[in-house]
1. Any idea which residue in segment 84-135 is surrounded by the most Cβ atoms within 10 Å (Cβ to Cβ), counting only those that are among the hydroxyl-bearing types (S, T, Y) and over 23 Å from A204 (Cα atoms)?
2. For V173, state whether it is surrounded by fewer than 23 Cβ atoms within 10 Å (Cβ to Cβ), touching a Cys at 6+ places or on another chain (Cβ under 7 Å) and either under 19 Å from E59 (Cα atoms) or among the aliphatic types (A, V, I, L, M) (or both).
3. Does A65 meet the test of being touching a Lys or Arg at 6+ places or on another chain (Cβ under 9 Å), farther than 16 Å from A14 by Cβ and not acidic (D, E)?
4. Can you confirm whether V168 is buried (at least 19 other Cβ atoms within 10 Å of the Cβ), of a type outside the set (S, T, N, Q) and either assigned to a loop (DSSP other than H, G, I, E, B) or modelled with pLDDT of 95 or more (or both)?
5. Taking segment 136-154, which residues are part of a helix (DSSP H, G or I) and surrounded by fewer than 23 Cβ atoms within 10 Å (Cβ to Cβ)?
6. Say whether the condition of being among the β-branched types (V, I, T), at pLDDT 95 or above, closer than 24 Å to R224 by Cβ and touching a strand residue (DSSP E or B) at 6+ places or on another chain (Cβ under 9 Å) is met by at least one residue in segment 80-89.
7. Being of a type in the set (A, V, I, L, M) and touching a residue at least 24 places away in the same chain (Cβ under 8 Å) is the filter here; which residues of segment 65-90 pass it?
8. Please return the ranges of helices (runs of 4 or more DSSP H) entirely within segment 1-79 where 2 or more residues are of a type outside the set (S, T, N, Q) and surrounded by fewer than 16 Cβ atoms within 10 Å (Cβ to Cβ).
Amino acid sequence: MNLERNRTALVTGANRGIGLETVRQLDRAGFDVVLAARDAARGRAAARALGSSRIRVEELEVTDAESVEACARRLAGDGVDVDVLVNNAGIYPINSFFSLDEDTLRRALDVNLMGAFHTCRTFCPGMARRGWGRVVNVSSGLGSLTGNVPSPAAYGVSKAALNALTLVVSAAVPETVKVNAVCPGWVRTDMGGRGAPTSVEQGADTVTWLARLPDSGPTGGFFRNRTRIDW
């Protein structure tokens with residue numbers, strides 16, 4: 001019996017790229033999956049392409065706390081508990097520091113940091129009450145303070161902040177809720193470009209691995225290729 005069949009995973013920014021591949025891998029692992037996308041029509045088209053009856057599409061704008069809460073209310077109204085939260089939605093501004101304007105920095109922080117803040121605030125309390133949960137924040141080595149002084153400026157700062165949020169949330173929930181960050185690498189997606197060395201399947205692998213951690217698994221860590229790396 002697959003014990004994961006009764007678990008539900010919600011993946012943000014999931015209509016393409018690493019998010020969509022994460023949905024595919026979790027669906028194949030037996031999860032019920034909520035494919036959350038800012039554009040519901042694109043989300044539905046992506047879900048149809050996967051062709052699974054276990055995938056539910058939800059319109060979700062992570063930068064809008066009310067949109068996140070409304071999604072949670074719809075799921076709760078249908079008796080759906082979110083057991084796994086994958087914070088994948090993100091943007092990648094490439095400006096150097098002295099060409100960076102305030103609006104671009106604020107937008108990067110709004111999507112890459114505040115989006116995860118909103119979803120964790122909304123869905124983690126239920127995980128804590130039920131005594132089981134997994135949170136995976138899709139970060140980047142470009143936000144690592146030890147491996148790479150955050151760059152490009154807005155992207156790196158926002159991902160470094162997301163790493164900090166990972167530690168804050170992991171300390172705020174019981175150990176039965178595992179909260180980790182992942183660097184998927186440079187992946188061949190719309191964001192990463194065709195020249196990236198890592199396939200989308202490889203990029204999503206550690207994301208899915210963290211979503212499926214056993215009860216003895218780690219929490220409060222940063223991982224690449226299923227291996228812990230420095231913050």
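1. T122
2. yes
3. It is true that A65 is touching a Lys or Arg at 6+ places or on another chain (Cβ under 9 Å), farther than 16 Å from A14 by Cβ and not acidic (D, E).
4. no
5. Across segment 136-154, the qualifying residues are G141, L142, A153.
6. yes
7. Those that are of a type in the set (A, V, I, L, M) and touching a residue at least 24 places away in the same chain (Cβ under 8 Å): A65, V68, A72, L75, V80, V82, V84, L85, V86, A89.
8. 40-50, 65-77
The values are calculated or read from the model by the stated rules, or taken from the named source; none is laboratory data. Predicted model, so just to flag it, every value in this text is computed and none were measured. Cβ: placed from backbone, ideal geometry, glycine included. Neighbour counts: every protein chain shown.
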